[in-house]
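Just so you know, all these numbers are worked out from the coordinates, no wet-lab data involved. Predicted model, so just to flag it, every value in this text is computed and none were measured. With ideal geometry, Cβ positions are generated from the backbone for all residues, glycine too; neighbour counts draw on all protein chains shown.
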Amino acid sequence: MTDTDPSFASKDVPSTLMRQTLLDRELVRPATDRPVIRLLPWLHVVTIGGRSIMDRGRDAVLPLVDELRAAFGEYRMLIATGPGIRARHVFGVALDLGLPTGVLASLASTEAEQNGHIVAALLAEEGVSYLPHTSVGHQLAVHLSASPAAVSNGFPPYELFEFPPVIGKIPPHRTDTGAFLLADAYGAARAIYVKDVDGVYTCDPATAGDGEAEFIPRVGAAELLAMDLPSLPIDRLVLELMGSAKHQKEIQIVDGLKPGNVTKALRGEHVGTIVYADA
Amino acid sequence: MVDQGDAGALHSLLMSRSLTDAELLEASDAAPDYAILPDANVLKIGGQSVIDRGRVAVYPIVEELVKAKGDHQIMIGTGAGTRARHLYALAAELGLPTGALNDIGTAVAGQNAKILGHLLARHGVPVVGGSGFGVIPLYLAECGAVVFPGMPPYDMWQHVPSEGVIPPYRTDAGCWLVAEVYGARSMTFVKDEDGLYTANPKTDPDATLIESITVDELIAMDLPDLVIERPLLQLMRHARHVRTIQVINGLKPELITRALAGEHVGTIISAA
C-alpha cells in the first residue's frame, strides 16, 4: 500500500461493524443484539416538577425535601428538577425575538438547573450536591457511593442540538423526558415523577367540573397516547419513548403535595398512576 | 389563532397552559424565525468515508476548504468512522447501553475534529466544541471557518433505538442540527459516493444514483441501507431553516466549492 493507493481497507480497525453504514438493520443486528446490562440497578430517579412543585415554594418544597431526606440511606437517589414558570417566561422572550428551538432549550435548561441548585442547597447538610450533566453522565456512581443522593438538571443536555418539534418551537425534550432517558440508560430501579396531581385523569381535575375528571390508576403508554387526552401530567414524549426503553418499562406519577406518597412510591407501592410500556 | 408577533397572547398562553397544549403550540409556531448565522454553511466531512482514508482523501479536501473559506463562511463538522465502529461493536457485545455508546461517537468525532483542526491551523481555523460554540461568529468573521465534532452531546440522554444499542442520532443528525439552529445557508454532507443510491453502491452493483428526492419519498422507499442517518429524515420534516441538504463526493474535492456556490453536484434531499 502506498500513499496514493486508493484502496484503504488496511486503514480499517477490524470489527463486526467495520465498513458498515450502521444503517442496514440486517447487518447491524448480529453485532448489537446482546441484552443491555443495568449499570446502576439500585438507582432511584425522582423527578420534581417545576410548575407543579418548585413554583409553589416553601409549602410544597420543604415537606417534600423532608420526605426525601427521611428516605436517604434506604434508597440511593438522583433527584431531577424541572424549570417551572421561569422557563415559560424565557420561552416567551425568545419566541418573540424569533430565536430557534435549540436556543429555547438551552435557556430553559438554565432554569431547571437553578431549581436543582435550590433543592441541593436544602439537602447539602446530608452530603447532597448539585451535579452538572457531565458528572451525572460519568461520575454518578462515585457520587452516590459517597452520598445518599445527588441533584441534577432534569432537562437533558440537548440544548442547541434540540430537535425541531413537530408543531411550533417549544423544545420537545424537557424534564420528564430527560429523567426518563437517564433512568433507562442507567437501568435504574424506579423512575418516579413528583407532581401536584395523583396522576393521570381523563381531563384536567383542576379545571373540570365536579366528578367529570376520572382517575386512571394504571395505563399502557401507547394506550394513553391513543386516548389523546387534552392534558397530561407527563410529557407525551416519555410515553412515545417507553416502547423502545431497555429497562424503564414502568414509571409512576405521584402527588407530592400529599405527605407519604413519595416514600410509598420509592418502596414500590402504587399510590399514583403507573404508566407501563405496552408497545 | 395568534398572529405572528402577538407576544402578549403568546405570553399569556405560556403562563397558563400546559406545554403540550395545542393552542400554545400553534402560537409558538406563528412566532417569527430569526436566522442566527444566515451566511454560514455547514459541511460535514465523513469519518469512515473521508478521514479514515487518510492523506490521499484528506489533503485535497483541506486544500479545497482553504480556498472555499475565502468566499464562504464554513462550519466544518466531523464524522466518527472506523474506530467508532470498533468501539460500538465492543461496547454492544459487553451489554453497555446506548447512552454509554454515545460518548464513543463523541470521542471519535472529536479526534477527527482535532485532526482536521491541526491541518487547518496554519490557515487560522480553530476547533470549537461545547461552550466554545459561543465564539463561532467571531471565528467565521475573522477567518471564515471553524471545525466542530459532529456528534450531538446527548451523552446518557441519547434516544434508545427500537432495536440494538447504536445511538440513532449521530454525526449526520448533529451537523444538520447545528445548521438548523443557526439558520445556516446550506448543509452539505461530504462523503465518498456521488450521492444517495438505491442501495449501498459499495456492495450492490445494481445500485443507481438518485439525483434529487424528497424526505417523504425517501422514507416511503424504506431502503435497506442509506448514505445518511435515517432519523435525520424525520428531523428534516420539521425544519424551519435548513429544508434541503446535499450529499456530495469528497473524493472529487472541487465539488465542495461548487456545492457551496449552490450547484447541484450530488444528491439533493428536500423536506418537501
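Quick look at the numbers
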item	result
Descending principal axes extents, region A:116-172, alpha-carbon based, whole Å	43, 23, 13
Region A:162-199 versus region B:31-59: alpha-carbon centroid distance in Å	31 Å
On Cα atoms only, tilt of B:55-68 relative to the major axis of chain B in degrees	50 degrees
A:His270 versus B:Ala107: modelled label distance in nm, points set 7 Å from Cα along the beta carbon direction	4.4 nm
Relative contact order computed over region B:108-214 (Cα-Cα under 8 Å; 6+ residues apart), in percent	16 percent
Three-way shape label, region A:106-148, alpha-carbon gyration tensor, a/c 1.5	oblate
Per principal axis, descending, Cα span of chain B in whole Å	59, 45, 35
Chain A: Cα Rg divided by the 2.2 N^0.38 Å rule of thumb	1.12
Rg to Rh, two decimals, where region B:45-111 supplies the alpha carbon set and Rh follows Kirkwood	1.12
Nearest 10 degrees, 0 to 90: helix A:58-71 Cα axis against chain A principal axis	60 degrees
In order through region A:214-229: 3J(HN,Hα) via Karplus (6.51 cos²θ - 1.76 cosθ + 1.60), integer Hz, x for Gly, Pro	9, 6, 10, x, 8, 7, x, 4, 5, 4, 5, 4, 5, 5, 6, 5
Full-extension gain in nm, B:Leu209 to B:Glu163, via 0.36 nm per residue minus C-alpha separation	13.7 nm
Three principal axis lengths of region A:148-245 [C-alpha, angstrom, descending]	41, 38, 24
Partner chain coverage, peptide A:178-189 - average Cβ within 10 angstrom	4
Shielding by partners - mean other protein chain Cβ count within 10 Å, residues of A:246-252	1
Ellipsoid equivalent to region B:1-119 - semi-axes via the Cα gyration tensor, in Å	41, 25, 9
Rg/Rh ratio calculated on Cα atoms of region B:44-194 (Kirkwood radius)	0.98
Reference-scaled alpha-carbon Rg (2.2 N^0.38 Å with N residues) for region A:44-104	1.47
Cα-Cα P(r), region B:136-208, percent of pairs per 10 Å interval	15, 33, 33, 16, 3
For region A:1-159, projected area of the alpha-carbon convex hull averaged over all directions, nm²	15.3 nm²
Relative pair counts by distance (%), Cα atoms of the protein assembly as shown, 10 Å bins	4, 18, 27, 26, 16, 7, 2, 0, 0
Among A:Glu223, A:Glu250, A:Glu26, residue whose mean-square fluctuation peaks in a GNM of chain A (springs only between Cα atoms under 10 Å)	A:Glu26
